[in-house]
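One structure is given here, and the rest of the page talks about it.
The values are calculated or read from the model by the stated rules, or taken from the named source; none is laboratory data. Since the structure is predicted, the reported quantities are computational estimates derived from the model, not experimental observations. Every residue, glycine among them, receives a Cβ derived from its backbone with ideal geometry; neighbour counts consider all protein chains shown. Calculation scope for accessible area: heavy atoms of the full protein, side chains included, ligands and nucleic acids excluded. Shrake-Rupley method; radii C 1.70, N 1.55, O 1.52, S 1.80 Å.
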Amino acid sequence: MRRLAALLALCLPLSAAAAETGALVRFVACPVYRDADSGKKSGCWLVDDRSTGVRYDVSPSPHKPDWNHAVLVEGRVATGAGNPCGGTVLDPARSSILPDPCPRHMLPAEGFTGRKFVLPARNIAPMVVPRAVSPGPYVERTFSLFFEFDRDFVLYQYGDFLLDNAITWISAAKPTRLVVTGFAATTPETVSGQRLAERPLVAQERADKVAESLRRMLPGVRVETRAVLAARPVDHPDADGLPGQSQRRVEIRAVF
């Protein structure tokens, strides 16, 4: 932990404007759980940026931290979010789990209520619920899924929702083949004193993971996979305006 603490003590210019609404924040730190209670799933995830001394609330992230490990925090300072957890709210937010070990740290509520649970906007419906299907006409189209840093895991709800939308449309459109391309952010960047870069193999791993799901859900459809390294940020609504998140993606292209 001494090594991690020394790394976290280094700062990035990107964090300097963190207090401004809408500012982009990106740093590495150990997460803290606050045991607030206002009902189901109302506890809070907090992360301290040691370079600025600012405590951030990353509870809105679809990537939930693991308090045994450091996280790569990415987000924007929210507007009018209040202070339900004892930290400046990041929304949108992402908190990718890193391999660096961290001590477990839990705080009592200390008067902070947390948030009442509401279903996220990207929430996959039960399979018994009929899906709304576009009537067509159908032309070539690309769908995207997004991932944690250096991982190929399709995230609960966030990734499931995006994959379900793609499968629903593809089932109705009946393309001749699907081209699944995995992207990875392999260009090294220095964040909180750490040199971060995704493994080159993770691009193909992401493509293979999504392709396997498509083959199971869409039997008979031809699926091809590709990989792209040194991915650049893209402007995609489901990446929520976070450049790093947009780089860590898979694209499913339906070809007719």
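Here are a few things to note about the model shown:
- Out of T181, T168, T186, one residue alone is of a type in the set (S, T, Y) and farther than 16 Å from V210 by Cβ. It is T186.
- Scanning the range 69-82 for residues that are open to solvent by 30 Å² or more (accessible area, probe 1.4 Å) and at pLDDT 95 or above turns up H69, R76.
- Residue satisfying all of: in the range 89-109; open to solvent by 50 Å² or more (accessible area, probe 1.4 Å) and in a strand (DSSP E or B); nearest to S38 (Cα to Cα) among these: P108
- Out of A227, A207, sole residue that is in a helix (DSSP H, G or I) and over 30 Å from R50 (Cα atoms): A207
- Once the range 230-247 is narrowed to residues that are charged (D, E, K, R) and either assigned to a loop (DSSP other than H, G, I, E, B) or touching a Gly at 6+ places or on another chain (Cβ under 6 Å) (or both), the residue that is most open to solvent (accessible area, probe 1.4 Å) is R232.
- In the range 149-173, the residue that is farthest from the chain's Cα centre (by Cα) out of those that are free of Cβ contacts under 8 Å to residues at least 40 places away in the same chain and over 18 Å from H63 (Cβ atoms) is A172.
- Single residue of the range 210-229 satisfying the filter (under 27 Å from A172 (Cα atoms), open to solvent by 80 Å² or more (accessible area, probe 1.4 Å) and touching a residue at least 40 places away in the same chain (Cβ under 8 Å)) that is farthest from the chain's Cα centre (by Cα): R222
- Some residue of the range 95-110 being in contact with a strand residue (DSSP E or B) (Cβ under 9 Å, 6 or more places away or on another chain) and under 18 Å from A23 (Cβ atoms): yes
- Residues of the range 210-224 that are part of a strand (DSSP E or B) and of a type outside the set (D, E): R222, V223.
- Every test in (1) farther than 24 Å from P219 by Cβ; (2) open to solvent by 40 Å² or more (accessible area, probe 1.4 Å) is passed by R141 save one, and that test is (1).
- Sole exception among (1) polar (S, T, N, Q); (2) touching a Phe, Trp or Tyr at 6+ places or on another chain (Cβ under 9 Å); (3) open to solvent by 10 Å² or more (accessible area, probe 1.4 Å); (4) modelled with pLDDT of 95 or more for S38, by number: (4)
- Note on the range 105-114: among residues that are of a type outside the set (A, V, I, L, M, F, W, C) and in contact (Cβ under 8 Å) with a residue 40 or more places away in the chain, the one that is farthest from R248 (Cα to Cα) is E110.
- Any hit, the range 148-161, residues being closer than 19 Å to S96 by Cβ, open to solvent by 40 Å² or more (accessible area, probe 1.4 Å) and hydroxyl-bearing (S, T, Y): yes
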